[in-house]
Each structure stands twice: as C-alpha cells, then as structure tokens.
Amino acid sequence: MDGNQGIDPPPDGLSDRDEQVGASPAGPTRGERAVRAVDGRLPLAEAGKELLRKVFPDHWSFLLGELALYSFVFLLLTGVFLTFFFTPSMTDLDYHGSYLPLRGVRMSEAYASTLRISFDVRGGLLVRQIHHWAALLFTASICAHLLRVFFTGAFRRPRELNWVIGLTMFALALLEGFSGYSLPDDTLSGTGLRIAEGVLLSVPVVGTYLSFFVFGGEFPGHAVIPRLFTVHILLVPGLLLALIGAHLTLVVVLKHTQWAEPGRTNRNVVGHPFFPQFLVRTTGLAFTVGGVLTLSAVLAEINPIWRYSAYRPDVVGAGAQPDWYIGFIEGALRLIPAVETGVLGHTVSWNVFLPALVVPGLLFAVLYAYPFGERWLTPGSGEHHLCDRPRNKPVRTGLGAAGVAFYTVLLVAGGNDVIAYYFGISVNSLTWGLRAAFFLAPPLTFMVTRRICLALQARDRHRLLEGDETGRIDQSIVGGFDGHHRPVPAAERYAMLVRDVPEPEEPLPGAPRTERVRAALGSWYHGDRVELPATEQESRAVTAVLTDPVHAPRPAAERPAPVGGRGPLGRLFRRLRPRRRRGRGTGR
C-alpha cells in the first residue's frame with residue numbers, strides 16, 4: 001500500500017478522470033481544462049445529464065404553466081424597455097408633448113412620461129401594449145394552471161409545496177398587476193388607488209397608520225408612485241423569479257404528473273425527453289406566445305390612458321373598471337350594503353373591511369389549506385403521480401365549480417353599472433339579483449356539478465358493460481330491432497378503470513371525537529361513486545398501476561440506500577451522491 005488506498009494508478013500517467021472525459025495522451029486541451037475547472041466547482045455534468053434526460057408527458061393541459069412562464073419572460077423584457085423612459089415622480093408640470101388634446105394640462109411627471117412613451121418613443125406604444133397584454137396572459141395562465149392542478153388532483157403528495165408556491169405566485173401576480181396598473185397616474189388608475197386607500201382605512205385601529213405608511217401622508221401624497229415603482233420593478237419580480245426557480249426545481253426533482261394511459265403507472269413517466277423533442281416544442285411555444293402578444297398589441301388597443309386624462313383627487317371616472325383579476329374585489333365592494341359600527345371609539349366600516357380584506361383572505365386561506373385538508377380526509381399517505389379524471393372526484397370537482405361560480409358572481413358585480421347601462425335595466429335590481437346569486441349560485445353549482453360527475457361515471461359503467469354503439473341495427477323475423485355494440489377501445493378502458501377511489505374509513509368504537517369527525521367528513525368526501533365492472537385480473541392490474549414508488553415491492557438488491565430520506569430532497573441528495581463519491585475516490 002503506497003497511500004493510494006489500494007488503487008493502482010492508470011497507465012500512461014493518466015488519471016481515471018482523464019480517461020472518463022476522453023483526454024488524449026498528449027494531455028488535455030485548453031477547452032477540456034476549462035470545462036474540467038468549471039465542472040469541478042459546479043455540478044454541471046450531473047445537472048445537465050438529469051435535465052436532458054427529464055421526461056415530459058405529452059398533453060396540451062401541461063402547457064398552461066409554460067404559457068405563464070413565457071408571458072413572464074416577455075413581461076420582463078418589455079418592462080426593462082419601459083423602465084428606461086418612465087419617470088416615477090408625482091411632481092406637477094404643464095404638458096407640452098405631442099398629444100395635442102392634453103397640451104397645457106397640469107399633470108404629474110409619471111403621466112407625462114407615459115404619454116411620451118406612447119407618442120414620442122419609437123415603438124413605445126407597441127411595447128406598452130405588449131406589456132399590458134402579457135400581464136393579462138400571465139395572470140390568466142396562472143389561474144388556468146391552478147385550476148388544472150386542482151381538478152386533476154396534481155396538488156397531492158408529494159406536490160403540496162408546489163401548490164403553495166403556485167398560489168403564492170398568483171397572489172404576487174395580482175399585486176404586480178395592480179402596482180403596474182397604478183403607475184401611469186391617470187384618472188382610471190387614480191380611482192383604483194383611491195379605493196385602495198379606503199380599503200386600508202377600513203382596517204380597525206391601525207387603518208390610518210397603514211394608509212400613511214403606504215401613501216407617505218394624506219392621499220394622494222407624493223410618495224405613492226415612487227413606492228409602487230419600486231414594488232413593481234424590484235420587489236415583486238424578485239420574489240416571482242425566486243418562486244419560479246423553486247417551482248421548476250421541484251418539477252425536475254419530482255416526477256411529472258400524467259394522465260392514465262396504457263403503459264403509464266404511478267411509478268413511471270411516459271413522454272418526450274427534454275432534448276431534443278420537448279426543447280423544440282417549448283421553443284416553438286415561446287415564439288408563438290411572443291407573436292400572439294405582438295399581434296394583440298397591434299390589433300387591439302388596451303389601456304389608452306390619454307383618453308382618461310391626468311388624475312385629480314376630486315374626479316372619479318364614470319364606468320371605471322379594473323382589470324379582470326382585481327374585478328372580484330370590486331364586485332364584493334359593490335354587493336355589500338353600507339354597514340358601520342362603533343367599537344371602543346373606533347368606526348368599523350364592515351361594507352369595506354369584509355369584502356376587500358376578509359373575503360379574499362378567507363378565499364386564499366382555504367386554497368392554501370385545501371391539499372392538507374384533503375390529505376387529512378383521505379386514507380393512506382402514498383404518493384400520487386397519475387392525474388384524476390374530474391368526474392371520478394365528484395365532491396372535489398363540485399367544490400371547484402362552486403368556487404368558480406362564486407368568483408364569477410363577484411366579477412360580474414364589479415361591472416354592474418356598465419351592465420345596467422348597456423342592457424337598460426335598473427342597477428339596483430341587478431345588484432339585488434347578484435346578492436341573491438352570491439348565496440345561491442355556489443351551492444347550486446356544487447349540487448349540479450356533483451350530479452353531472454356521477455352521471456358521467458354511470459355512462460362509463462354502461463359503456464364498459466354494453467360497449468359502444470356501432471350504428472348497425474338488425475330487424476328480426478318477428479319485427480324486433482337489435483342494435484350492435486363493439487367493445488370499448490383498450491386505451492379508454494384503461495383510463496376508465498385506473499382511478500384512485502379510496503374506501504372511507506370507519507372509526508373504531510370509542511375513538512376520539514376528532515377521528516369520528518374525520519371519518520364522517522371522509523365518508524362524505526369519498527363516498528360518492530359509481531362502481532365500475534372489472535374482472536379480477538383487471539382489478540389486480542389497476543392496484544399494481546396505482547401503487548406508489550414508496551410502497552411498490554422491489555427486490556432487495558435493487559433497493560437504493562436510504563440516503564437523505566425518501567422525499568424530494570432525499571432524491572436530490574441521492575442524485576448528487578455519485579459526484580461526492582467520485583471526489584473522494586480520486587483523492588480530492
């Protein structure tokens with residue numbers, strides 16, 4: 001033993017690392033040394049190998065997250081351009097720019113710079129409108145992506161953290177949109193800031209302090225636009241970039257969800273590798289998003305601030321409407337009657353505090369807690385990598401549809417004055433009708449959606465038993481008619497039978513009240529189903545397909561060493577472990 005731990009040096013004076021990278025006997029080239037130096041400090045080789053081998057399932061619904069990503073990229077690019085020309089100042093001046101109808105009008109530097117971007121900067125109006133359309137697409141695609149994740153159960157273990165990250169990104173997107181929407185300091189955005197001031201003032205006890213902190217004094221003050229500018233271009237984008245990085249990291253570390261099809265189980269992922277198939281397709285999607293945003297900016301005018309004029313605190317624009325993602329808060333404010341009470345010398349404006357702060361707060365709290373609540377109601381704790389068909393989860397689908405109905409009522413209420421004007425109806429009658437719909441629409445939607453899901457399950461059962469009609473009808477000798485059927489295709493039969501429907505647990509005699517409540521709620525949540533006909537062999541196959549990677553039986557020789565646990569971080573550590581072992585083996 002000569003200190004090399006029993007490892008003989010390779011011939012010709014080359015190390016094993018040189019042989020691995022294919023170095024020539026003459027010695028490594030300059031490029032090889034540079035690559036080796038970088039790889040010795042960053043895990044690029046292992047990370048690149050894992051990324052290139054990452055498999056992505058092929059389904060259009062999985063592109064919603066990519067739409068959000070690419071719209072955010074275009075938001076950053078256009079936002080950087082606009083930052084060079086926008087002046088976040090509320091200092092007053094007389095306008096002498098290119099837009100003749102506003103010449104001589106007193107306005108803030110923020111509004112004047114926005115007009116300069118629109119009329120004097122080459123391509124400024126185009127970039128402004130691309131930026132606004134990208135903001136709408138960003139929030140809409142995040143919302144659609146969250147709905148897809150919810151209705152398919154893709155938030156279940158081990159992806160609860162990714163659900164929390166996605167929901168936080170949606171909340172930050174709302175803040176980002178509102179802050180950017182308020183920067184031009186026009187009449188429309190100023191009206192929104194006035195409403196925001198009223199919401200802050202409605203907070204009991206500390207509302208005045210919050211308003212003075214945000215606006216830097218009495219409304220509108222001279223500090224709100226610079227502060228919103230900092231929030232819009234620095235704070236929120238930084239948080240979004242960090243969350244997007246964490247989200248994509250978890251997507252790579254965790255297995256991607258997929259729809260149940262032949263060959264796809266709870267323990268594999270079937271699809272296209274990242275390189276070259278997925279990379280080519282996602283690059284094409286990125287260019288398509290950019291083209292659609294540019295075409296929308298060219299053909300469809302959006303946020304023409306020059307028509308609204310500069311903001312004055314004593315002027316409110318008639319028919320002012322926020323963007324759709326904030327419209328539900330506006331609708332809640334319009335539906336709640338004016339109610340105020342005095343508590344210990346403080347006036348509490350319930351008609352502002354409840355709809356603008358309590359209702360959104362409860363909505364997001366329920367959404368944050370939902371994955372953990374469903375896990376508490378579901379027997380077992382295995383991992384779930386196959387998407388649910390919404391019809392197979394009637395209660396979850398009904399709750400999601402009820403939430404959509406709740407949001408839709410509030411969104412419609414946010415434009416009750418415009419709707420009443422264009423349709424020639426009384427705004428008071430419309431408001432009272434929307435108040436009734438606020439309480440009736442969600443439960444009715446839940447019941448109807450639940451019944452539709454059960455009916456679709458019954459249709460699946462009928463198809464499995466009888467098959468599909470061929471359209472051929474034979475007439476018997478006695479005059480009767482008989483239709484012909486063909487078996488359901490194997491792929492559809494597989495998708496119907498492979499479904500995760502846990503059996504509700506019954507509490508043991510003398511169990512604590514918490515367990516009894518859990519069993520009762522679990523029975524209500526998972527009890528609605530239509531049993532599907534399956535042979536014993538098909539039942540065993542479905543059980544094998546749904547078995548998660550943790551509980552799947554494997555030979556002892558193939559079981560990995562339990563390094564770093566069995567969760568996503570443990571898998572990440574196991575992927576990095578070969579690199580650490582290689583470093584120790586070469587004496588480094």
Exercise. Hey, got a sec? Which chymotrypsin sites (Phe, Trp or Tyr not before Pro) in the stretch 77-122 land in a DSSP loop and have at most 13 other Cβ atoms within 10 Å?
Worked result: 84
For this session: Sort the stretch 289-333 into rounded, prolate or oblate with this rule: let a ≥ b ≥ c be the square roots of the eigenvalues of the Cα gyration tensor; rounded if a/c is under 1.5, and if a/c is not under 1.5, prolate when a/b is larger than b/c, oblate otherwise.
Result: oblate
Problem set entry | Label-to-label distance, nm, for residues given as residue 473 and residue 285 (7 Å Cα→Cβ offset) | 4.5 nm
Exercise. At 222 nm, what helix-only mean residue ellipticity would the chain give, in deg cm²/dmol to the nearest 500, using -39500 (n - 2.57) for each DSSP H run of four or more?
Worked result: -18500 deg cm²/dmol
Exercise. Put a dot 7 Å past each Cα toward the Cβ at residue 362 and residue 295; how far apart are the dots in nm?
Worked result: 4.4 nm
For this session: Using every pair of alpha-carbon atoms in the stretch 83-225, split the distances into 10 Å bins beginning at 0 and state the percent of pairs per bin, rounded to integers.
Result: 10, 29, 28, 21, 9, 2, 0
Exercise. Counting Lys +1, Arg +1, Asp -1, Glu -1, what net charge surrounds residue 270 among other residues with beta carbon under 12 Å of its beta carbon?
Worked result: +1
For this session: Grab the alpha carbons of the stretch 27-157, take their convex hull, and tell me the volume per residue in Å³.
Result: 241 Å³
Seminar exercise, completed: Output for the stretch 164-271: GluC sites (Glu not before Pro) sitting in coil per DSSP, at most 10 other Cβ within 10 Å, listed by number, reads 218
Seminar exercise, completed: Here the gain from full extension of residue 93 to residue 316, 0.36 nm per residue of separation minus their alpha-carbon distance, amounts to 78.2 nm
Exercise. When Lys and Arg each count +1 and Asp and Glu each count -1, what net charge do the other residues less than 14 Å away from residue 78, Cβ to Cβ, add up to?
Worked result: 0
Problem set entry | Ellipsoid equivalent to the stretch 303-381 - semi-axes via the Cα gyration tensor, in Å | 35, 23, 9
Exercise. In the chain, what percentage of the DSSP-assigned beta bridges are antiparallel, given to the nearest 5?
Worked result: 95 percent
Exercise. Percent relative contact order of the chain, based on C-alpha pairs within less than 8 angstrom and at least six residues apart?
Worked result: 16 percent
For this session: Decide, for the stretch 224-378, between rounded, prolate and oblate: order the square roots of the alpha carbon gyration tensor eigenvalues as a ≥ b ≥ c, take rounded if a/c falls under 1.5, and otherwise choose prolate if a/b is larger than b/c, else oblate.
Result: oblate
Exercise. Could you state the number of Å between the C-alpha centres of the stretch 324-349 and the stretch 501-516?
Worked result: 41 Å
Problem set entry | Sum of side-chain charges, residue 543 neighbourhood, beta-carbon under 14 Å (Lys, Arg +1; Asp, Glu -1) | -2
Problem set entry | 538, 383, 506, ranked by accessible area, largest first (probe 1.4 Å) | 506, 538, 383
Seminar exercise, completed: the stretch 76-146 and the stretch 426-484 have their Cα centres apart by a whole-number Å value of 49 Å
Seminar exercise, completed: With all protein chains present, the chain has a carbon and sulfur share of its accessible area (1.4 Å probe) in percent of 65 percent
Problem set entry | Percent RCO, i.e. relative contact order, over the stretch 197-339, from Cα pairs under 8 Å lying at least 6 residues apart | 8 percent
Exercise. Largest first, what is the accessible-area ranking of 393, 49, 255 with a 1.4 Å probe?
Worked result: 49, 255, 393
Seminar exercise, completed: Dividing the mean separation of Cα pairs under 8 Å (6+ apart) by the residue count of the stretch 82-222 yields a relative contact order in percent of 17 percent
For this session: Classify the chain as rounded, prolate or oblate from the Cα gyration tensor: take a ≥ b ≥ c as the square roots of its eigenvalues, call it rounded if a/c is under 1.5, otherwise prolate when a/b beats b/c and oblate if not.
Result: oblate
Problem set entry | Translational diffusion coefficient (Stokes-Einstein; Kirkwood radius from C-alpha pairs) of the stretch 105-144 at 4 °C, 1.567 mPa s, in µm²/s | 113 µm²/s
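The values are calculated or read from the model by the stated rules, or taken from the named source; none is laboratory data. Given the structure is predicted, the values throughout are model-derived calculations rather than measurements. A quick note on method: Cβ atoms are made from the backbone with ideal geometry, for glycine too, and the neighbour counts reach across all protein chains shown. For accessibility, only protein heavy atoms count, side chains too; no ligands or nucleic acids. Shrake-Rupley method; radii C 1.70, N 1.55, O 1.52, S 1.80 Å.
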